[in-house]
There are 2 protein chains.
Amino acid sequence: MIKKVRIVGAGLIGTSVGLRLKAAGSSVEIIDINSNAMKLAADLVKSEVIAEPDLIIIAVPISANTQTVVEQLSNNSKSIVCDLASVKSDLLLKVKELSANSDNFISLHPMAGRETNGAQNARADLFEGRAWIGVSDSFSHAKNKEIAQNLVEICGGTLYWLNSKEHDDLVAKISHIPQILSSVIAGSLSSLSRENLNLAGQGLRDLTRLASADATLWSQILTENHAAIATQLDLIIDDLNHLKQSITSNNSAAMVDFFNKGNNGKSKIPGKHGAKNRDYSYLPIVIDDKPGELARIFNECAKVSVNIEDLNIEHSPGQETGLITLALSNSDCMKLSNHLENLGFKVHPAKNR
Amino acid sequence: MIKKVRIVGAGLIGTSVGLRLKAAGSSVEIIDINSNAMKLAADLVKSEVIAEPDLIIIAVPISANTQTVVEQLSNNSKSIVCDLASVKSDLLLKVKELSANSDNFISLHPMAGRETNGAQNARADLFEGRAWIGVSDSFSHAKNKEIAQNLVEICGGTLYWLNSKEHDDLVAKISHIPQILSSVIAGSLSSLSRENLNLAGQGLRDLTRLASADATLWSQILTENHAAIATQLDLIIDDLNHLKQSITSNNSAAMVDFFNKGNNGKSKIPGKHGAKNRDYSYLPIVIDDKPGELARIFNECAKVSVNIEDLNIEHSPGQETGLITLALSNSDCMKLSNHLENLGFKVHPAKNR
């Protein structure tokens, strides 16, 4: 149980953590150098002044992170101080160098966020089902690990362990490079007329969603994680140069390879909320778009003891038929497919998947 | 009114157009060289054999597009033939060269699609609120423009006019480059473990959504539109090289400029036009993860005559409960929520949406 918490930084992340801890029964103090942000966040989390916090959470912009950690460590020698910043290697070196209390420091990185900032966008469930990275080389004591585990559990997340170098390399690949490529595409659209941009489909919107991110914040992240990002960016540029050659030399096989490599990487990303991509069979069934049709199918599933792992429904207003696709184990898929076909359902099992 | 339509190609696009035309009262024939795909699509659109179609819509892979257009033009001299392919300049030259009936040809490009292919993913509202490009230099007669306008209206879209060169340059920027960058990021993940990819947030999922696209199809698109894509790809590579230099020389101002240019481009993409806002209410229900649970819910839906528009299931390994979220009309949502709550289901309706 974390009884008394101070949060430094009344932005999206700090306020969201505060809301969650408050709901879990902790006493919470939230402070910020911006008095407006602090007032809103304090109202939201019912902030109270805390003299000796068990835990101090630092949720400030990355350029202020190291300094704030060091200050809080030296002013509160009995408190654990935990930062939530998105780049770690340099931070750990500096905290050890600059603070006599570095044994009280722990470093976590919640893999969550929104493209909107500020306390006004905070929500207690921001971290629900999210992964948190615990930076293993920041932990001096087993007791500190318990506090980290406790915080992540309260927030509804799952804790994974990486050392600071592994962390920085990984976030370069899964977070910083995606941000850069989203911004480069969005930047390449600057010269187009709004009329032409009106023609963009959902794909472009998805690809550029991150591009509205804060420019100053991101230049700080690139500065902090420059080595890992530069290495990864070189690889991306190499791949693009290689593709360019394939296009100009009309090398179809190389182009297919490029997209297949993308397919392969994409297929390795687990589904929602860390759920693993399991090896399911998919059974599409055409149904009439009226109440009761789904129940008929699920009743037949229950009758033959088939467990539905996932499903999706495609239908739209004004359409007479809908399509439901069930994800099943391979054996359940065959069993259910035969059963429903015998009953006259319009079942369309894949012939070779 | 388009009375009799033949659709050649029972994939995502062809079947979706078919569903919409059928719902609008047209007689629809859908054919495909793949008999499984044809059977599913024929069930979905209630296909019938049509001798003299008013309109023949070609929705085949781009490598087969020109040939299919030319064949349908020569075998159906009284029908308008309309292709929906995503690259146009070369197509127009070849149809004029190879067909005596090129006056009956019109060329459209609906700016819609999904990352999943096939009739099983088709939906009548795929084009709802989407932009369609009419290729102005493909139209020989004013009468043909009326048919195009009519088709786009039935599909719920808006028609814009560009010539074939303008079209190909624009789609390189707003569609082909985004696909390439989505694939290059996803490809760069191939070397990561699934465990590490488990840490990815929503940003990476958005950026790589397109990367599951068909490799062969996309190599054909790159081949067809090679000149425009190569030019645009050079500009992207230049921008990334420039950013790389800014990072290694620690030039903060240049990094801020890079992200600001992205902010600027992003802000020019119109908000609502492309994506249709489906006005559903969402009802989350916590369920036990065992056979029969879904059937119980759907039986109750049927009892109170509630129609489920869409749904999604989330459950994670090691977790005994799952979360099912139903998309419903506002009135159905209130009705079902009260009904299930009275029966003891763990229903979590949004308090203020």
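The values are calculated or read from the model by the stated rules, or taken from the named source; none is laboratory data. In this text the structure is predicted, and so the values were computed from the model without any measurement. Ideal geometry is used to build each Cβ from the backbone, glycine not excepted, and the neighbour counts take in all protein chains shown. All accessible areas refer to the heavy atoms of the entire protein, side chains included, with ligands and DNA or RNA removed. Shrake-Rupley method; radii C 1.70, N 1.55, O 1.52, S 1.80 Å.
Each residue in region A:224-238 was checked for being part of a loop (DSSP other than H, G, I, E, B) and within 7 Å of chain B (Cβ to nearest Cβ), and 0 pass. Only residues that are over 17 Å from A:PRO110 (Cβ atoms) and either surrounded by fewer than 22 Cβ atoms within 10 Å (Cβ to Cβ) or of a type in the set (Ser, Thr, Tyr) (or both) were counted in region A:1-21, giving 3. Taking (1) in contact with a His (Cβ under 8 Å, 6 or more places away or on another chain); (2) open to solvent by 10 Å² or more (accessible area, probe 1.4 Å); (3) not hydrophobic (A, V, I, L, M, F, W, C) in turn, A:HIS167 satisfies each apart from (2). Residue-level check: of (1) open to solvent by 40 Å² or more (accessible area, probe 1.4 Å); (2) more than 7 Å from chain B (Cβ to nearest Cβ); (3) not charged (D, E, K, R), A:GLN202 misses just (2). A single member of B:ALA112, B:ALA131, B:ALA119 is farther than 30 Å from A:SER267 by Cβ, aliphatic (A, V, I, L, M), at pLDDT below 95 and open to solvent by less than 50 Å² (accessible area, probe 1.4 Å), and it is B:ALA131.
Among the candidates A:ILE221, A:ILE177, A:ILE185, the residue that is open to solvent by less than 30 Å² (accessible area, probe 1.4 Å), at the interface with another protein chain (Cβ under 7 Å from one of its Cβ atoms), closer than 21 Å to A:VAL135 by Cβ and in contact (Cβ under 8 Å) with a residue 12 or more places away in the chain is uniquely A:ILE177.
Every residue, every condition in (1) touching a His at 6+ places or on another chain (Cβ under 7 Å); (2) closer than 21 Å to A:ALA59 by Cα, yes or no:
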position: A:LEU181; (1), (2): no, no
position: A:SER190; (1), (2): no, no
position: A:ASN198; (1), (2): yes, no
position: A:ALA211; (1), (2): no, no
position: A:ASP214; (1), (2): no, yes
position: A:LEU217; (1), (2): no, yes
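Contact map, region B:154-166: first residue of a type in the set (Val, Ile, Thr), second residue in a strand (DSSP E or B), Cβ cut-off under 6 Å, separation 6 or more or different chains; pairs are B:THR158/B:ALA131. Of everything listed in (1) under 21 Å from the mean Cα position of the chain (by Cα); (2) part of a helix (DSSP H, G or I); (3) more than 7 Å from chain B (Cβ to nearest Cβ), the single unmet condition for A:GLY156 is (2). Output the number of residues of region A:100-132 satisfying the condition of being in contact with a Phe, Trp or Tyr (Cβ under 8 Å, 6 or more places away or on another chain) and within 21 Å of B:ASP206 (Cα to Cα). The total comes to 6.
Taking the numbered list (1) assigned to a helix (DSSP H, G or I); (2) within 26 Å of A:LYS303 (Cα to Cα); (3) modelled with pLDDT of 85 or more in turn, B:ASP332 passes all entries but (2). Quick check: is even one residue across region B:188-196 part of a helix (DSSP H, G or I), of a type in the set (D, E, K, R), more than 9 Å from chain A (Cβ to nearest Cβ) and more than 17 Å from the chain's Cα centre (by Cα)? No: region B:188-196 contains no residue that is part of a helix (DSSP H, G or I), of a type in the set (D, E, K, R), more than 9 Å from chain A (Cβ to nearest Cβ) and more than 17 Å from the chain's Cα centre (by Cα). Among the criteria (1) modelled with pLDDT under 95; (2) within 20 Å of the chain's Cα centre (by Cα), the one A:SER183 does not fulfil is (1).
Of all the residues in region A:38-63, those that are of a type in the set (Gly, Ala, Ser) and either without any contact (Cβ under 8 Å) to a residue 24 or more places away in the chain or open to solvent by 30 Å² or more (accessible area, probe 1.4 Å) (or both) number 3. Could you tell me whether any residue of region A:117-129 is without any contact (Cβ under 8 Å) to a residue 40 or more places away in the chain and under 20 Å from the mean Cα position of the chain (by Cα)? Yes - at least one qualifying residue is present in region A:117-129. Does B:ASN144 satisfy being open to solvent by 20 Å² or more (accessible area, probe 1.4 Å) and farther than 30 Å from A:THR325 by Cβ? Here the answer is no, as B:ASN144 does not meet what is asked.
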